[in-house]
């Protein structure tokens, strides 16, 4: 039975990439999971024990307020992981530094790339995320390190997997490597249509309230279209969003699964105004039979089928996206979309499909 190590960069919160690690661990029987920084609250079943490093203790000592000050130490911690001579293959779940684990082993290393570090390679994305001049300077310096580390590790990778076509293009442009596309697993069994629930007269934005997801564009578009908008989620951008929102926008904050499911089922459509690497939230909504309005960039090119599961609006300047999204909201008719067709499309992104594809891709390296 092959022994497989799975390396993730951090478990400080639970999100889509942590769910991917859980599915990777479920794909093979004999796996161990490693991460430099581990907060027990960021680890959920089916994951059990996650091997960590001294950075977890440092994170705890700072009150678990932010992992950001520890990032410069993460590459070295990854290179020092106890992987040598213990595993037949190593899988890394990469956002910025995880491929450094390739220096800790001579076994084949397969990278599942959520994205190369966008804040390192894309100066516009970096400026959007930095939050002031001090943050810009710090992120620029860290970005230089991240680019250097990613390029150093690239030749040591046996195979690269991208989570979308957009990410595969970045890997080719930034790392000079080809990549196989395997879409991440979505827990569609937890999101289902309910024919007894009627569509209500509101649009939905759901997800973490952080700048790159562009909830501000959804809010501005709702204002311009004169349409109701429900914002579901929380994050550091919320205070700013509340200052720009009008009476047509309602903030629900972080809610239970039951509230999320009910809101997916009742909204007219989900709005996706940001450029996502893949975007799990739109697939969750589509699993409920809900159409999606998304910009025609990034993961939405893989997940949203115009005319069948939603619509694309042209990507451009903020003003252009607001105008296009407002126009789409104004003319949108839910009855033009068939919930069963949308649900069937969502099923192609199931966890079962992911495990089957990832097992077949990794098998030649075991």
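The values are calculated or read from the model by the stated rules, or taken from the named source; none is laboratory data. Just so it is clear, the structure is predicted and the values come from calculations on it, not from any experiment. When we count neighbours, we look across all protein chains shown, and the Cβ atoms used for this are built from the backbone with ideal geometry, even at glycine.
Could you list, in sequence order, all residues of region 299-341 that are under 21 Å from the mean Cα position of the chain (by Cα) and either more than 22 Å from residue 212 (Cα to Cα) or surrounded by 24 or more Cβ atoms within 10 Å (Cβ to Cβ) (or both)?
Once the filter is applied, which keeps residues that are under 21 Å from the mean Cα position of the chain (by Cα) and either more than 22 Å from residue 212 (Cα to Cα) or surrounded by 24 or more Cβ atoms within 10 Å (Cβ to Cβ) (or both), region 299-341 yields 299, 300, 303, 304, 305, 309, 310, 313.
Quick one: would you say residue 178 is exposed (fewer than 15 other Cβ atoms within 10 Å of the Cβ) and within 30 Å of residue 150 (Cα to Cα)? Judged against the criteria, residue 178 is a match. The set of residues in region 26-36 being more than 19 Å from residue 102 (Cβ to Cβ) and outside any loop (DSSP other than H, G, I, E, B) consists of 26, 27.
Of the residues making up region 143-156, those that are at pLDDT 95 or above and in contact with a helix residue (DSSP H, G or I) (Cβ under 6 Å, 6 or more places away or on another chain) are 153, 154, 156. The criterion of at least 3 residues that are at pLDDT 95 or above, assigned by TED's automatic domain parsing to the domain that holds residue 281 and over 27 Å from residue 127 (Cα atoms) is met, among helices (runs of 4 or more DSSP H) falling completely within region 205-268, by 257-266. If I go through region 47-65 residue by residue, how many of them are outside any helix (DSSP H, G or I) and over 19 Å from the mean Cα position of the chain (by Cα)? Within region 47-65, residues that are outside any helix (DSSP H, G or I) and over 19 Å from the mean Cα position of the chain (by Cα) number 10.
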